[in-house]
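Here's the structure we're looking at; comments come further down.
The values are calculated or read from the model by the stated rules, or taken from the named source; none is laboratory data. In this text the structure is predicted, and so the values were computed from the model without any measurement. All Cβ positions, glycine included, derive from the backbone under ideal geometry; neighbour counts span all protein chains shown. Side chains are part of the model used for accessible areas, which takes the heavy atoms of the whole protein and leaves out ligands, DNA and RNA. Shrake-Rupley method; radii C 1.70, N 1.55, O 1.52, S 1.80 Å.
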Amino acid sequence: MSGRVTDTDHGAKAMRERIAALAASTARVRVGILDDAPKREHDGADGGTTLLEVAAVHEFGAPSRGVPQRSFIRGTVDEKREQIASLQVAVLTRVVKGEITEQQGLDQIGAKVAGMIQTRISQGIAPALKQETIDRKGSSTPLIDTNQLRSGVTWKVDG
């Protein structure tokens, strides 16, 4: 008796190769204020402080300057930890299946997390502003004055 054996891969080899490439990858996505550009003043001139410095002061607080901590990055990641983890699994699954590249997946994660941070800033982060600050800037929403901080939140894929 003779027979014929056909070995049909159905993409398993390619999937193994994608998994091996992911395991060896050093790529990562960074989200936050990634540029050290000068902060613009209300009149449009460059200020003496960078946007990164402003972000650090608000993220960690500066008690000696009367600025309370308003963590817009760490607070968002803490608040959205489960949603971010689910997003990572969904993106990884799509990369392993070959539906998107690793770069595309990391870009998707970066864009989504940056949007989460921007939304959190827009919604307002406790503690509330002092009345003198509200009077000076004309708004009661912390971290939004010229909108530079919120619009400065971005992402970058490294590696």
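Among the residues of this structure, Gln118 counts as one that is within 17 Å of Arg30 (Cα to Cα) and either open to solvent by 40 Å² or more (accessible area, probe 1.4 Å) or more than 17 Å from the chain's Cα centre (by Cα) (or both). Those residues that are part of a loop (DSSP other than H, G, I, E, B) and β-branched (Val, Ile, Thr), I need them from the stretch 1-32; list them, please. Within the stretch 1-32, Val5, Thr6, Thr8, Thr26 qualify.
For Thr154, the test of being touching a residue at least 12 places away in the same chain (Cβ under 8 Å) and surrounded by 13 or more Cβ atoms within 10 Å (Cβ to Cβ) is passed.
When the stretch 97-106 is limited to residues that are open to solvent by less than 50 Å² (accessible area, probe 1.4 Å) and at pLDDT 95 or above, the one that is farthest from Val157 (Cα to Cα) turns out to be Ile100.
Pairs linking a residue in the stretch 96-119 that is closer than 25 Å to Ser71 by Cβ to a residue that is open to solvent by less than 70 Å² (accessible area, probe 1.4 Å) and in a loop (DSSP other than H, G, I, E, B), with Cβ atoms under 7 Å and 6 or more positions apart or on different chains, are Leu106/Ala27; Met116/Lys80; Ile117/Phe72; Ile117/Ile73. Looking only at the stretch 69-87, residues that are open to solvent by 50 Å² or more (accessible area, probe 1.4 Å) and in contact with a Gly (Cβ under 9 Å, 6 or more places away or on another chain) come to 1 in all. Considering (1) at pLDDT 90 or above; (2) part of a strand (DSSP E or B), the lone condition that Gly47 does not fulfil carries the number (1). A single member of Val91, Val54 is at pLDDT 95 or above, surrounded by 15 or more Cβ atoms within 10 Å (Cβ to Cβ) and among the β-branched types (Val, Ile, Thr), and it is Val91. The residues of the stretch 19-44 that are open to solvent by 70 Å² or more (accessible area, probe 1.4 Å) and modelled with pLDDT of 75 or more, listed by number, are Ile19, Ala23, Ala24, Thr26, Arg28, Arg30, Asp35.
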